[in-house]
Amino acid sequence: MEERIKSLEDQINSFLITSKDDLEQYRLQFISKKGVVGLLFDELKSLTPDQKKLVGKSLNELKKLSEEKFKSAQDILDSAGSEKSIDLDLTLPVTPNKTGSLHPLNLTRYRIIEIFERLGFNVEDGPEIEDDWHNFTALNFPENHPAREMQDTFFVERPVRLESMPGEQSGGNSDMLLRTHTSNVQIRLMKDRKPPFRAIMPGRVYRNEAISARAHCFFHQVEGLYVDKNVGFSDLKQTLYHFAKEMFGKETKIRLRPSFFPFTEPSAEIDISCLICHGKGCNVCKYSGWVEIAGSGMVHPNVLRNCGIDPEEYTGFAFGMGIERITMLRYSINDLRLFSENDLRFLKQFKQVI
Ligand code: DAH
């Protein structure tokens, strides 16, 4: 019933009344006892007291809206003094018709891009179906190293072609995969172009994980890369500190914890002070006062070398953060699955697009 009320509200708002005939038509449709609003009131009688309470309020508002529109259209027609029609002022603003809302993950992605663009970072893009070399080998993951298993990978088969191209392995082989992180785009960028680089790379990534409130088989990351002469660890720290304050508010603190990634040395995990309890301890930060938002580090010299960049001349930092995680913190969302279920009751709570 709520949905029908909402749709009637849209119909009332968009009903154009420019003549007395239109007004009569509108009256019959919405105001008269046998009109659609009247019929809803009849239906109300058959609901339970609890439901009545809930729906009754919206229904009364709908009735009020329909009557107000009738009254004001009647006044305008009367004052125009014309029996048949009034002049339409085409310069008047129209009643906006809401068509949808931005997905919360997009809202976060746009905000991240906005913050880094102001620091001079470009936005770059790369493939989601990737080969082993760009996803692992070039990033200094050794063959058979457990680090590869850290990221349970979906492999994809190349299509079987009757005549394979020279040098191409035939179907069934699997060095192709759904990228497990956005770090592949770092490699593509550094291999294809000349330093310096200052870029962020948002995109979707895939891992073979069981779906739950805290894990999903696909999610989104933003990779960051800054390579130039004399880039140091302090640049990394300052950049991410600036980001945290812009994203989560001026009082936000950051903490760097030593960590390990094959493609950075040294590596650090970035935590921010918990937004919910401000460091006092709550279940979001697991009573530690800190929440992890990104992995980061100084680009490993092997990675630079793999891309044809001289590590004696250039240094750089990189980071990778999860867009879902940041969105969950921003809007206090506690279940990852909400992002991909497309439940309108969830999606409608975010910024409307008109
Ligand atoms: N690729 C890492 C992951 O998916 C995240 C990451 C960590 C990216 C450190 C980086 C980095 O660029 O420097 O878990």
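The values are calculated or read from the model by the stated rules, or taken from the named source; none is laboratory data. Remember, it's a predicted structure, so these values are computed and weren't measured experimentally. With ideal geometry, Cβ positions are generated from the backbone for all residues, glycine too; neighbour counts draw on all protein chains shown.
Observations, loosely collected:
- Number of positions in segment 233-263 that are of a type in the set (Val, Ile, Thr) and touching a helix residue (DSSP H, G or I) at 6+ places or on another chain (Cβ under 8 Å): 2
- Residue list for segment 295-335, restricted to those being more than 16 Å from the ligand (Cβ to nearest atom), of a type in the set (S, T, N, Q) and surrounded by 19 or more Cβ atoms within 10 Å (Cβ to Cβ): Thr327
- Test: Ala147 is modelled with pLDDT of 90 or more and among the small types (Gly, Ala, Ser): no
- Against the test of being buried (at least 19 other Cβ atoms within 10 Å of the Cβ) and either without any contact (Cβ under 8 Å) to a residue 24 or more places away in the chain or within 16 Å of the ligand (Cβ to nearest atom) (or both), the options Phe261, Phe233 yield a single qualifying residue, Phe261.
- Check on Gln238, within 11 Å of the ligand (Cβ to nearest atom) and either closer than 23 Å to Glu117 by Cβ or surrounded by fewer than 18 Cβ atoms within 10 Å (Cβ to Cβ) (or both): no
- Restricting the first member to segment 205-222 and to residues that are under 23 Å from Tyr110 (Cα atoms) and touching a residue at least 40 places away in the same chain (Cβ under 8 Å), and the second to residues that are of a type in the set (D, E, K, R) and outside any loop (DSSP other than H, G, I, E, B), the beta-carbon pairs closer than 6 Å and six or more apart or on different chains are Phe218/Arg204; Phe219/Glu324; His220/Arg204.
- Screening the candidates Leu8, Leu16 for the property of being in a helix (DSSP H, G or I) and within 24 Å of Asn97 (Cβ to Cβ) yields one hit, Leu8.
- Selection of first residues in segment 182-200 that are in the same structural domain as Phe121 (by TED's automatic domain parsing) and aromatic (Phe, Trp, Tyr) and of second residues that are more than 12 Å from the ligand (Cβ to nearest atom) and in a loop (DSSP other than H, G, I, E, B), restricted to Cβ pairs under 8 Å at least 6 apart or on distinct chains, gives an empty result.
- Residue among Glu251, Glu223, Glu246 that is more than 13 Å from the ligand (Cβ to nearest atom), surrounded by 15 or more Cβ atoms within 10 Å (Cβ to Cβ) and assigned by TED's automatic domain parsing to the domain that holds Cys285: Glu246
- Residue that is out of contact with any strand residue (DSSP E or B) (no Cβ under 6 Å at 6 or more places or on another chain), surrounded by 11 or more Cβ atoms within 10 Å (Cβ to Cβ) and closer than 30 Å to Phe346 by Cβ, where the choices are Glu3, Glu67, Glu24, Glu61: Glu61
- Positions within segment 273-287 being surrounded by 15 or more Cβ atoms within 10 Å (Cβ to Cβ) and modelled with pLDDT of 90 or more, in sequence order: Ser273, Cys274
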